[in-house]
Amino acid sequence: MNGAESLVATLAAGGIDTCFANPGTSEIHILAALDREARMRCVLALFEGVASAAADGYARMTGRPAATLYHLGPGFANSLANLHNAFRARVPILNLIGQHATYHLRHDTPLTSDIEGLARQYSSWLRTSSAAADIGRDAAEAIVAASAPPGRIATLIVPADAAWNGGGIVAKTPPVPKPPVPNKEVIERAAAMTRSSLRTAFILTGNALHGEGLATAGRISAARNCKLLAPYPFTRLERGAGTPRVDRIHYILEQAAAQLQDFQQLILVGARPPVTYFAYPGKNSVVTRPDCEVFELAKPEEDGVAALKALESALDVQTPATITAKQEPPLIPAGSITLSGVSSAVASLLPENAIVVDESMTSGRALMAATAGCPPHDWLANTGGSIGIALPMAVGAAIACPDRRVLCLSADGSGMYTLQALWTMAREGLNVTTVVYANRNYAVLQREYSGLGIGDPGKRAKELLEIGRPELDWSLLAKGMGVPATRVESMEDFVKALHDGLESDGPRLIEIVL
């Protein structure tokens, strides 16, 4: 058994069943080992940024790491923007990066680079295997490192000669350590705050936003009249009819400050104190009121669900959660496309148990309010602010949950970063319906420009914020990638296209001309 075979066998035995890959020459022996491993599904991405975001989407929906496979430093570097988002999402991913044969590095050939230096920024665990006999052990430790709470990025660099040399050993994956639970004093302090008459909100993240964690938070909220909030950059939110209501903190500084103005206490469950994405001249980056006490019930690496359950017990909660009422499908306006009309159409047609992947930023700002009482569904957001995540994250979510419908919402500017994901959707036959808001602008940047108080952008500045001339044709782009697509310019056409997309097998794309 060579090193590559021990690597792949160890990963498969340790529960890694999916690999998002864009391999090269240095990874050929790993590729050959994958070819012989029936327990591993291999998914080709035409760009490494698609692979990293797909692994992110997979992890968000399964809670388990997928593997990624990259070619040397330059290939891995292409993954970094969406790996940044995954790092901020605190999800488990196991990166495999090929390296030149150890004896070849001294020649400083064109693709030679400092791979460890590139990986260090986003890797909670990082190792270069030194020999074939070590790779299995290293892979097992990488699985544990990636799976450790709250979810981490582990990176294993595999020199080509370590992969092809004999002496590989399949290693058994050790148990993943359980996350620590906050101590009794922390629980008691949170209970005292919750019992007080001060206006209190919980800011939840991670697994406190779905499943048992959200249900527990919902009961506490109902019993003590506390508000449940999610950061603007949340990882996964379970929402819709029958779930506790969680409000997303606004992106815009003034709106977030107004939203949080009434709260004298914030209790964090895996979250950070709320601040703005950027600094603005003469404005405070902190959006809470000056006298607001911010208390950390659970750190990101601690067990947020267990902390909430301990708090529920300390409060002796007997009240059922207040759940979101089912809404009647809204009326959909006819005629020309409007953003409110698009939101109403999505709210009317969103199927139960859908997964919504949202990077619509400006054009889709009304979507969450419109869909609050829809059938239960999950919502995935951009956690790191690096655009180009939606299409490939939808790939990962669809592969993780093949029995669920995925609705992907993207803008044309951000979609162009990773439109190669459409090809993977077509090749894998994924049930993803993608809606592209084609406003021909980097609209969020136009708003940021106007908010800085430096006047309107001049001609040359405007040209750097507009993406027309020539106009992108998403219908043709999608068809060229193998995805059936249509361009709509009326609400009637959009409703029909969305209905057909959500009912059909395989991927579809709808371009909304704004």
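The values are calculated or read from the model by the stated rules, or taken from the named source; none is laboratory data. The shown structure was predicted, so the numbers you read here are calculated from the model rather than taken from an experiment. Glycine gets a Cβ as well: all are built from the backbone with ideal geometry, and neighbour counts include every protein chain shown.
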Give me the pairs: first residue in the range 61-76 and within 21 Å of THR10 (Cα to Cα), second residue modelled with pLDDT under 95 and in a strand (DSSP E or B), beta-carbon distance under 6 Å, and six or more apart or on different chains, which are they?
-> none
The listed residue being part of a loop (DSSP other than H, G, I, E, B), within 23 Å of ALA390 (Cβ to Cβ) and either touching a helix residue (DSSP H, G or I) at 6+ places or on another chain (Cβ under 8 Å) or not acidic (Asp, Glu) (or both), out of GLY455, GLY482 = GLY482
Selection count, the range 130-173, where residues are closer than 21 Å to GLY75 by Cβ and hydroxyl-bearing (Ser, Thr, Tyr) = 1
LEU266 vs. criteria at pLDDT 95 or above, touching a Cys at 6+ places or on another chain (Cβ under 7 Å), within 27 Å of ALA223 (Cα to Cα) and not aromatic (Phe, Trp, Tyr) | yes
Residues of the range 457-485 being in contact with a Leu (Cβ under 9 Å, 6 or more places away or on another chain) and in contact (Cβ under 8 Å) with a residue 40 or more places away in the chain, in sequence order, are TRP474, LEU477, ALA478, MET481, GLY482, VAL483
Residues in the range 245-261: is at least one buried (at least 22 other Cβ atoms within 10 Å of the Cβ), closer than 20 Å to PRO320 by Cα and not hydroxyl-bearing (Ser, Thr, Tyr)?
-> yes
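For (1) assigned to a strand (DSSP E or B); (2) of a type in the set (Ser, Thr, Tyr), each residue gets a yes or a no:
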{"site": "LEU126", "(1), (2)": "yes, no"}
{"site": "SER130", "(1), (2)": "no, yes"}
{"site": "ALA146", "(1), (2)": "no, no"}
{"site": "PRO150", "(1), (2)": "no, no"}
{"site": "THR155", "(1), (2)": "yes, yes"}
{"site": "ASP161", "(1), (2)": "no, no"}
In the set LEU452, LEU498, LEU419, LEU509, which member is over 16 Å from LEU409 (Cβ atoms) and hydrophobic (A, V, I, L, M, F, W, C)?
-> LEU452
Say we look at the range 40-90 and pick out the residues that are farther than 26 Å from ALA354 by Cα and among the polar types (S, T, N, Q); which of these is nearest to the chain's Cα centre (by Cα)?
-> SER79
Quick one: which strands (runs of 3 or more DSSP E) sit completely within the range 1-116 and have at least 2 residues that are over 20 Å from VAL144 (Cβ atoms)?
-> 18-22, 41-44, 93-99
A careful count of residues in the range 357-400 that are under 18 Å from GLU238 (Cα atoms), out of contact with any strand residue (DSSP E or B) (no Cβ under 7 Å at 6 or more places or on another chain) and polar (S, T, N, Q) gives 2
Based on what the data block shows, is GLY304 surrounded by fewer than 22 Cβ atoms within 10 Å (Cβ to Cβ) and more than 22 Å from ALA66 (Cβ to Cβ)?
-> no
Filter the range 270-301 for residues that are touching a residue at least 60 places away in the same chain (Cβ under 8 Å) and hydrophobic (A, V, I, L, M, F, W, C); the one that is surrounded by the most Cβ atoms within 10 Å (Cβ to Cβ) is ALA298
Hey, which of the helices (runs of 4 or more DSSP H) in the range 373-442, taking only ones fully inside, have at least 1 residues that are of a type in the set (A, V, I, L, M, F, W, C)?
-> 390-400, 421-428
Can you find even one residue in the range 101-112 that is surrounded by 22 or more Cβ atoms within 10 Å (Cβ to Cβ) and either assigned by TED's automatic domain parsing to the domain that holds ALA86 or not aromatic (Phe, Trp, Tyr) (or both)?
-> no
Kindly provide the set of residues from the range 395-406 that are surrounded by 24 or more Cβ atoms within 10 Å (Cβ to Cβ) and over 15 Å from ALA21 (Cα atoms), ordered by number.
-> ALA397, ALA398, VAL406
When you go through ALA426, ALA421, ALA411, ALA370 one by one, which is the residue that is under 20 Å from ALA230 (Cβ atoms) and small (Gly, Ala, Ser)?
-> ALA370
Can you find even one residue in the range 502-511 that is under 20 Å from ASP358 (Cβ atoms), of a type in the set (Asp, Glu), touching a Phe, Trp or Tyr at 6+ places or on another chain (Cβ under 8 Å) and part of a strand (DSSP E or B)?
-> yes
